[in-house]
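The structure that follows is given in the form of structure tokens.
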Amino acid sequence: MAEDLPVIEIDDLHKSYGTLEVLKGVSLTAPQGHVISLIGSSGSGKSTLLRCANLLEDSQKGEIRFRGEAVRWKGSGAGRHPADRAQITRIRTNLSMVFQQFNLWSHMTILQNVMEAPVTVLGRDREEVEHSARNYLDKVGIGDKCDVYPAMLSGGQQQRAAIARALCMEPTALLFDEPTSALDPELEQEVVRVIRALADEGRTMIIVTHDMRMARDVSEHVIFLHNGRIEEQGPPERLFTDPQTERLKGFLSVTAS
Ligand SMILES: Nc1ncnc2c1ncn2[C@@H]1O[C@H](COP(=O)(O)OP(=O)(O)O)[C@@H](O)[C@H]1O
Ligand SMILES: [Mg+2]
């Protein structure tokens, strides 16, 4: 059954920008209901890996599978691109992304922001989408902000709106790229609480984060990237208390809060 297969499997992925090799053979598996955290220094390739997983970026070598279905490619090396537009759209709409900078439409109300993609991209019924959009906004604690514009909200509220927008796509998995990095510490916590609640209800998520406490609390598995390679990985209980490599030890000693 498709539900038994990992939501995302990445196998030996290589990605370069021109001559700069950014991912040097990275593999990752996100089973249904698991949270995978990606940690590592700035420039280690975390965002690139997430964007490749979501097929927002091409990669030159390696495989990506969604629920066991391999992405079909044409060409090879620098000339490799996804071969099947419909497949890409299908996979991408099942992997909702939440970005550091929220990326809400400033000219739309919060409710319109949440409803936009399900209505225009998925072609779902407007009334039904509005109902579920209001539910998701309630769920992230800003059900009373439906009719205001993003600029009137705090960063924490905007990020929660962005999470409601991602949820309203009814995705198979959520991908977060540093969801709390643009926020003041007190606003950061309201977003962490929402992410923790999503983890508790068994959502499949891949989270790039600098928040080691959140990574430890919500993840089944943590991957430490260094310079385009997985330097170390494992369950958070082990990784954070008993790091094996000097690089992870060093990284944790400077990020420990
Ligand atoms: N669009 C791009 N063009 C060229 N180089 C890029 C691009 N995006 C990222 N890079 C480079 O790829 C490396 C990894 O970046 P990134 O994935 O953003 O790292 P992280 O998210 O871990 O900070 C960095 O050296 C960065 O400068
Ligand atoms: Mg990044």
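No lab work stands behind these numbers, since they all come straight from the coordinates. Just so it is clear, the structure is predicted and the values come from calculations on it, not from any experiment. Here Cβ is always computed from backbone atoms with ideal geometry, including for glycine, and neighbour counts include all displayed protein chains.
Quick one: Cα centre-to-centre distance for the range 204-257 and the range 161-191, in angstrom?
Using only Cα atoms to place each centre, the spacing works out to 20 Å.
Taking the DSSP beta bridges in the chain as the whole, what percent of them are antiparallel, to the nearest 5?
55
Please count, across the chain, the pairs of lysine residues with Cα atoms under 28 Å apart that sit 8 or more places apart or on different chains.
Within the chain, the lysine pair count is 13.
Another question about this same structure. Tell me what the chain gives for mean residue ellipticity at 222 nm when only DSSP H runs of n ≥ 4 count, each as -39,500 (n - 2.57), the sum divided by the residue total, rounded to 500 deg cm²/dmol.
Computed mean residue ellipticity for the chain: -11000 deg cm²/dmol.
With no solvent and one equal point scatterer per Cα, compute the Debye intensity ratio I(q)/I(0) for the range 74-127 at 0.20, 0.24, 0.31 Å⁻¹ and report its log10, rounded to two decimals.
-0.88, -1.03, -1.21
Whole number please: convex hull volume per residue of the Cα set in the range 1-98, in Å³?
Taking the convex hull of the Cα positions in the range 1-98, it is 99 Å³ per residue.
If you take the C-alpha gyration tensor of the range 175-257, multiply each eigenvalue by 5 and take the square root, what semi-axes do you get, largest first, in whole Å?
Ellipsoid half-lengths, sorted descending, are 22, 15, 12 Å.
I need the fraction of alpha carbon pairs in the chain separated by more than 31 Å, rounded to a whole percent.
Tail of the P(r) past 31 Å holds 25 percent of the pairs.
Going by amide H atoms built from the backbone, whose H comes under 5 Å of the H on Trp73, apart from near neighbours?
Answer set, sorted by chain and number: Ala83.
Quick check: Cα centre of the range 41-72 to Cα centre of the range 77-123, how many Å?
16
Continuing with the same structure: Using the Cα centre of the range 160-257 as the reference point, and only Cβ charges (+1 on K/R, -1 on D/E), how large is the resulting charge dipole? Debye, rounded to the nearest 20.
That gives a dipole near 120 debye.
With a 10 Å Cβ neighbour count serving as the proxy for reagent exposure, in which order, fewest first, do Cys168, Cys146, Cys52 appear?
Cys146, Cys52, Cys168
Another question about this same structure. Show me, for the range 87-101, the HN-Hα J-couplings you get by feeding each phi into the Karplus relation (A = 6.51, B = -1.76, C = 1.60, θ = phi - 60°), rounded to Hz, glycine and proline as x.
5, 4, 4, 4, 5, 5, 6, 8, 10, 7, 9, 10, 9, 4, 9
Continuing with this model, one more query. Could you sort the peptides 18-26, 155-163, 31-39 by per-residue average Cβ neighbour count (10 Å cutoff), highest mean leading?
155-163, 31-39, 18-26
Quick one: which residues, 5+ away or cross-chain, put their amide H under 5 Å from the amide H of Val35? H built at 1.01 Å from N.
Distant-sequence amide H within range of Val35: Met205, Glu220, His221.
Which value, in debye to the nearest 20, describes the size of the charge dipole of the chain about its Cα centre when Lys and Arg Cβ atoms bear +1, Asp and Glu Cβ atoms bear -1, and nothing else is charged?
It works out to roughly 680 debye.
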